[in-house]
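For reference, the structure is listed below as structure tokens.
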There are 2 protein chains.
Amino acid sequence: MADEPTAKPPTVAFLGPPGSFTHKAALNYFANPSAHELVAETTIEAVVTAVEQGTTTFGVVPFENSSAGSVQPTLDRLLLSARTFPGRIHIIDQYYLPIHQCLLARDDLLTLADVTQVYSHPMGFSQCSQWLLQHLPHAERVEVTSTSKAAELAALNPGTVAIGSQATTQLYKVRVWLPNIEDQSDNVTRFFVLHQSPGRPTAEDRTYLYFTLDHSKPGSLCQALDAFRVGHLNLSKIDTRPSHLQPWHFYFMVECDGHYSQARVKAVVAALQSVCEKVGVLGSYSSLWRLT
Amino acid sequence: MADEPTAKPPTVAFLGPPGSFTHKAALNYFANPSAHELVAETTIEAVVTAVEQGTTTFGVVPFENSSAGSVQPTLDRLLLSARTFPGRIHIIDQYYLPIHQCLLARDDLLTLADVTQVYSHPMGFSQCSQWLLQHLPHAERVEVTSTSKAAELAALNPGTVAIGSQATTQLYKVRVWLPNIEDQSDNVTRFFVLHQSPGRPTAEDRTYLYFTLDHSKPGSLCQALDAFRVGHLNLSKIDTRPSHLQPWHFYFMVECDGHYSQARVKAVVAALQSVCEKVGVLGSYSSLWRLT
């Protein structure tokens with residue numbers, strides 16, 4: 001039988017480098033490796049841009065961590081996309097990955113007292129801040145762009161360690177010196193899956209949306225949030241981000257129950273539109289926790 | 001006349017190193033240099049600890065930036081203090097400093113095309129993100145703990161630049177290559193002044209407080225915020241931070257009108273106590289913008 005022409009598999013852009021927690025989330029979520037081509041990007045910006053421009057089919061970005069909180073660059077980049085290309089990209093799913101941070105070191109480092117520098121991503125430092133205060137209070141903290149980069153630097157520089165994923169030990173000459181040094185043993189990161197088409201309703205969904213207010217009007221935030229109360233939509237999350245339009249003017253980002261295509265969600269969005277300057281839906285997705 | 005014994009001047013711990021924006025804010029706020037001794041600390045953690053333990057009289061920490069948003073380590077450290085030593089420290093004042101970020105380089109760097117790496121603090125990158133996308137899209141970003149540290153590294157490493165304050169040119173061998181590269185020309189950072197005694201009411205004050213909710217109760221956030229509406233206290237800011245007590249359990253941090261010693265604020269705090277798990281006041285301070 002002659003070779004048939006094969007369609008190029010869908011691509012998945014993720015926040016790299018290889019070995020990052022986002023890489024692991026993308027591998028778990030798109031579980032059939034032959035059906036998807038995974039592409040590492042160096043920044044959240046680059047992942048979202050690839051989805052916006054259609055150079056990738058899907059994008060995977062970290063959204064929030066149970067102990068460090070929201071990933072502000074993701075929030076800001078989603079807002080920028082909504083402002084610049086409204087409706088172009090949609091959050092279509094979420095994925096929860098348990099995060100275990102390890103102390104990574106070269107083979108020649110034997111006691112914590114010899115550690116002069118610790119490399120990690122700001123989220124790694126944030127998730128292990130109590131451990132660091134107790135065990136490495138005098139080591140200098142060097143923030144780098146990823147936990148993979150941290151492992152690479154710790155492999156190169158004597159007297160230094162990294163906080164990062166066990167997966168990086170396959171890429172760089174470091175060993176797991178101490179596993180699970182995260183402050184919360186049930187440390188979990190939530191990731192968003194992005195796509196150009198919206199997701200379909202499931203049995204139980206959540207919607208992520210944003211609004212802006214006229215801050216000169218007293219009580220405007222209460223009024224906006226009251227729309228959710230009146231519409232019986234529970235709020236599961238609220239964040240405030242600078243609008244970048246004028247100083248001290250904010251975008252409020254809210255996660256609530258329901259799918260944006262449902263009447264009860266549409267009613268709340270309409271109510272918001274009557275009291276807010278601007279309202280936009282960033283996506284709807286199953287509220288199921290898919291943990292591996 | 002014989003020398004009289006002189007009292008030791010009050011000390012001011014600030015987020016250093018010398019040359020940092022917080023240093024400038026502390027110098028401006030405590031304007032009489034002979035009346036105060038300024039002490040640089042390397043982390044927000046260390047500044048707050050010094051105030052808690054009484055090893056310094058005052059502390060100065062960054063709180064929020066008009067384009068990058070809240071300084072999460074400050075929020076988290078204030079919450080930790082409220083949990084561990086309730087009522088021990090108080091926010092007693094705020095200070096607004098206009099922030100101008102500069103591109104800093106050695107004398108031998110002449111074209112942007114030769115720049116391979118950019119050093120800055122995450123806030124510096126965040127405040128100049130549009131400029132970087134336009135002018136240095138291919139340079140690697142290296143996050144370091146302060147803009148002073150960034151300037152020091154740019155002075156040492158050929159082909160690298162830093163984003164930071166003009167003040168660092170007095171400390172390291174770098175020049176201001178391009179001034180004012182911040183995305184918002186009216187970029188301002190707000191700082192908090194911390195002390196062990198609370199501040200007195202002024203003509204117009206604001207109060208910063210936190211509360212936690214039973215998240216299993218639908219509508220609990222709306223109910224809590226409704227206390228402010230009913231009490232006619234405007235909200236100027238709301239943030240959500242992980243509680244570190246259990247995953248996906250949050251502290252809500254709210255800035256509202258009024259001084260905590262006023263009856264109208266006490267009434268709202270009492271109303272919050274009836275619907276929240278936990279409520280605490282972090283401080284009250286003049287709402288005046290003191291800009292230099």
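With respect to the stated conditions, B:His244 is buried (at least 19 other Cβ atoms within 10 Å of the Cβ), under 24 Å from the mean Cα position of the chain (by Cα) and facing another protein chain (nearest Cβ under 8 Å).
All of (1) crowded, with 18+ Cβ neighbours inside 10 Å; (2) closer than 30 Å to A:Leu132 by Cβ; (3) out of contact with any Pro (no Cβ under 8 Å at 6 or more places or on another chain) hold for B:Phe30 with one exception: (2).
Taking the options A:Ala167, A:Ala139, A:Ala203, name whichever one is modelled with pLDDT under 95, small (Gly, Ala, Ser) and farther than 24 Å from A:Ala26 by Cα. Of the residues listed, the single one that is modelled with pLDDT under 95, small (Gly, Ala, Ser) and farther than 24 Å from A:Ala26 by Cα is A:Ala139. Of everything listed in (1) buried (at least 21 other Cβ atoms within 10 Å of the Cβ); (2) within 14 Å of another protein chain (Cβ to nearest Cβ); (3) more than 30 Å from B:Gln246 (Cβ to Cβ); (4) not small (Gly, Ala, Ser), the single unmet condition for A:Val174 is (2).
A:Gln127 - would you say it is surrounded by 17 or more Cβ atoms within 10 Å (Cβ to Cβ) and out of contact with any Phe, Trp or Tyr (no Cβ under 6 Å at 6 or more places or on another chain)?
Judged against the criteria, A:Gln127 is a match.
Scanning the stretch B:257-271 for residues that are surrounded by fewer than 21 Cβ atoms within 10 Å (Cβ to Cβ) and within 14 Å of chain A (Cβ to nearest Cβ), we see that the one that is farthest from A:Val254 (Cα to Cα) is B:Arg264.
Pairs meeting the criteria (first residue in the stretch B:171-192 and among the polar types (S, T, N, Q), second residue assigned to a strand (DSSP E or B), beta carbons under 6 Å, at least 6 apart or on different chains) are B:Thr189/B:Pro62; B:Thr189/B:Asn65; B:Thr189/B:Leu97.
For B:Glu152, work out the one condition from (1) farther than 25 Å from B:Val71 by Cβ; (2) without any contact (Cβ under 8 Å) to a residue 24 or more places away in the chain; (3) in contact with a Ser or Thr (Cβ under 9 Å, 6 or more places away or on another chain) it doesn't fulfil. Exception for B:Glu152: condition (1).
The values are calculated or read from the model by the stated rules, or taken from the named source; none is laboratory data. Quick caveat: nothing in here was measured; it's all calculated off a predicted structure. Cβ coordinates were reconstructed from backbone atoms using ideal geometry, including for glycine residues, and neighbour counts include every protein chain displayed.
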